[in-house]
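Before I ask anything, let me first share the structure, which is written out below as structure tokens.
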Amino acid sequence: MTFELSMVQTAGWSVVLLVIGMWLKNRVHFFQRFAIPSPVIGGFLFVLINLVLNQTGLLNIKFDVTLQSFFMVMFFTTVGYGASLKVLKAAGSKVGLFLILATLLCIVQNIVAFGLAPVVHLDPALALMTGSTPMTGGHGVSGGIAPLVEQSGVKGAETVAYTAATFGLIAGSLMGGPVANRLIVKHDLMNKASSGSKVSVDESLIAVRKRDLNSDRILRAFILILFAMFLGSFLTDGVNALIGQFTDKAAFPSYMGSIVVAIIVRYISDRRSSKGAEELVPPEEIDVVGNVGLNIFLAMALMNIQLWQLADVAGPLIVLLAAQVVLMWLWANFVTFRFMGADYDAAILTAGHCGFGMGATPNGMANMDSVVSKYKPSRLAFFILPIVGGMFIDFTNLFNILAFLSFA
């Protein structure tokens, strides 16, 4: 028997799963420990139920996911609005260096996935769904990239990407603390001065400004997001039409134009505010709207996963994910730690990089918090990670992913 849900019913069901995920997260320590997002919890719970229904032939559920694309573009547009070049310039060289190292890790993650594809006899595009898309990108970027790969004819791309992203959240969280602890003990970093102590940290760049709820600012956030989505859609269509004259491999995703427009508007807003004018872009309200879009979009995307598609790729998937774990360990110890100064601050940041290099920024922050609770604070590490992870890495990673997919 087949049961079809309309667009409104699909959106409503995604919210139900989101609420269930929130309820479970507040009551299950495992989900809190590894910072598993609520839509992932609720979505995967339904996926398991749907797997049983499908395999037993009891029920086949079909969703109208029209709104999924809308919420996806909305979220990625807020990523563009968050990429403040003013903040990057003011943050200093350490932030720029870490952004370079994090971006290089994204590239190497894809090289590993791409290189192992023929070894495990897997389509290169499908193998890339275990690279930087789910690792550094997490569930958000997976939800934006995997559907494109699926639409190109690569069956199971979404299932692999979301599964890999969930694995990455747990693996990165388990790895970060032990790696940092080993570095601190091995190099006796508690008794050595950190170079970070000499670096000026402007914590106002990441401080949360508390304001009373203002409907005008929330409305402005929606207007700016929809404005960027509107103009960006024409930009994306134009670029894809141009690219289509030469190749059918490198198509820009629907949200890329919106990201570019949002970055331009944010730059104009920062220039205006630096001259004393009122800021055009309200960053806190933009973040709130983006978070709403991300949660609904993820719940909607995850509940439509067909887990039975993993049966044929389970073996190769294990090999590819194991390779990503080894890569993250090597990168954390021999690249992130050494290039960021090989001191205490670098060790704490290394723990954070394990978390967000295989999962998400909150996992990286949780890793660092766990280590500093045992030793001592690191203002520099807690300053660098949220700026790179929250403002810039998704943007640089997207172009990296699209470049690799053009060769897949």
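List the number of the failed condition for Phe392; all other conditions in (1) of a type outside the set (S, T, N, Q); (2) over 30 Å from Ile263 (Cα atoms); (3) open to solvent by 10 Å² or more (accessible area, probe 1.4 Å); (4) touching a Ser or Thr at 6+ places or on another chain (Cβ under 9 Å) hold.
Failed condition: (2).
Another question, then. Only residues that are modelled with pLDDT under 90 and in contact with a Pro (Cβ under 7 Å, 6 or more places away or on another chain): list them for segment 1-59, please.
Of everything in segment 1-59, just one residue is modelled with pLDDT under 90 and in contact with a Pro (Cβ under 7 Å, 6 or more places away or on another chain), namely Ala35.
Within segment 324-345, how many residues are out of contact with any Ser or Thr (no Cβ under 8 Å at 6 or more places or on another chain) and either open to solvent by 10 Å² or more (accessible area, probe 1.4 Å) or hydroxyl-bearing (Ser, Thr, Tyr) (or both)?
So the answer is 11.
If you take the residues in segment 346-379 that are of a type in the set (S, T, N, Q) and surrounded by fewer than 24 Cβ atoms within 10 Å (Cβ to Cβ), which one is farthest from Ile170 (Cα to Cα)?
Here the answer is Ser373.
Take the residues in segment 308-317 that are of a type in the set (A, V, I, L, M, F, W, C) and surrounded by 18 or more Cβ atoms within 10 Å (Cβ to Cβ); name whichever of them is nearest to Gly21 (Cα to Cα).
Among those residues, the one meeting the criterion is Leu317.
What pairs come out if I take residues in segment 272-298 that are basic (Lys, Arg) and pair them with residues that are open to solvent by 20 Å² or more (accessible area, probe 1.4 Å) whose C-beta lies under 9 Å away, six or more apart or interchain?
Arg272/Glu278; Arg272/Glu279; Arg272/Leu280
Mind listing whichever residues of segment 22-38 are farther than 16 Å from Thr166 by Cα and not in a helix (DSSP H, G or I)?
Those that are farther than 16 Å from Thr166 by Cα and not in a helix (DSSP H, G or I): Asn26, Arg27, Val28.
With the requirement that a residue be surrounded by fewer than 20 Cβ atoms within 10 Å (Cβ to Cβ) and at pLDDT 90 or above, what does segment 65-76 give you?
If the condition is that a residue be surrounded by fewer than 20 Cβ atoms within 10 Å (Cβ to Cβ) and at pLDDT 90 or above, then Leu67, Phe70 are the ones that fit.
Is it true that Asp287 is surrounded by fewer than 22 Cβ atoms within 10 Å (Cβ to Cβ), among the charged types (D, E, K, R) and under 19 Å from the mean Cα position of the chain (by Cα)?
So Asp287 fits the description; yes.
Right, next: Of the residues Ile36, Ile61, Ile41, Ile20, only one is open to solvent by 60 Å² or more (accessible area, probe 1.4 Å), farther than 23 Å from Ile225 by Cβ and either hydrophobic (A, V, I, L, M, F, W, C) or more than 22 Å from the chain's Cα centre (by Cα) (or both); which?
So the residue among Ile36, Ile61, Ile41, Ile20 that is open to solvent by 60 Å² or more (accessible area, probe 1.4 Å), farther than 23 Å from Ile225 by Cβ and either hydrophobic (A, V, I, L, M, F, W, C) or more than 22 Å from the chain's Cα centre (by Cα) (or both) is Ile20.
Right, here's the next one. So is Ile305 surrounded by 18 or more Cβ atoms within 10 Å (Cβ to Cβ) and not in a helix (DSSP H, G or I) or not?
It is true that Ile305 is surrounded by 18 or more Cβ atoms within 10 Å (Cβ to Cβ) and not in a helix (DSSP H, G or I).
Looking at segment 372-401, I want the residues that are farther than 14 Å from Ala102 by Cα and outside any helix (DSSP H, G or I) and have a partner that is of a type in the set (Phe, Trp, Tyr) and open to solvent by less than 30 Å² (accessible area, probe 1.4 Å) with Cβ atoms under 7 Å, at least 6 apart or on another chain. Which pairs are those?
Between residues of segment 372-401 that are farther than 14 Å from Ala102 by Cα and outside any helix (DSSP H, G or I) and residues that are of a type in the set (Phe, Trp, Tyr) and open to solvent by less than 30 Å² (accessible area, probe 1.4 Å), the close pairs are Ser378/Tyr344.
Within segment 391-399, can one find any residue that is aliphatic (A, V, I, L, M) and within 25 Å of Gly244 (Cα to Cα)?
Yes, that holds for at least one residue.
The values are calculated or read from the model by the stated rules, or taken from the named source; none is laboratory data. Fair warning: this is a prediction, and the values are worked out from it, not measured in the lab. Glycine also receives a Cβ, built like all others from the backbone with ideal geometry; neighbour counts cover every protein chain displayed. To get the accessible areas, we keep the full protein, side chains included, count just its heavy atoms, and leave off ligands, DNA and RNA. Shrake-Rupley method; radii C 1.70, N 1.55, O 1.52, S 1.80 Å.
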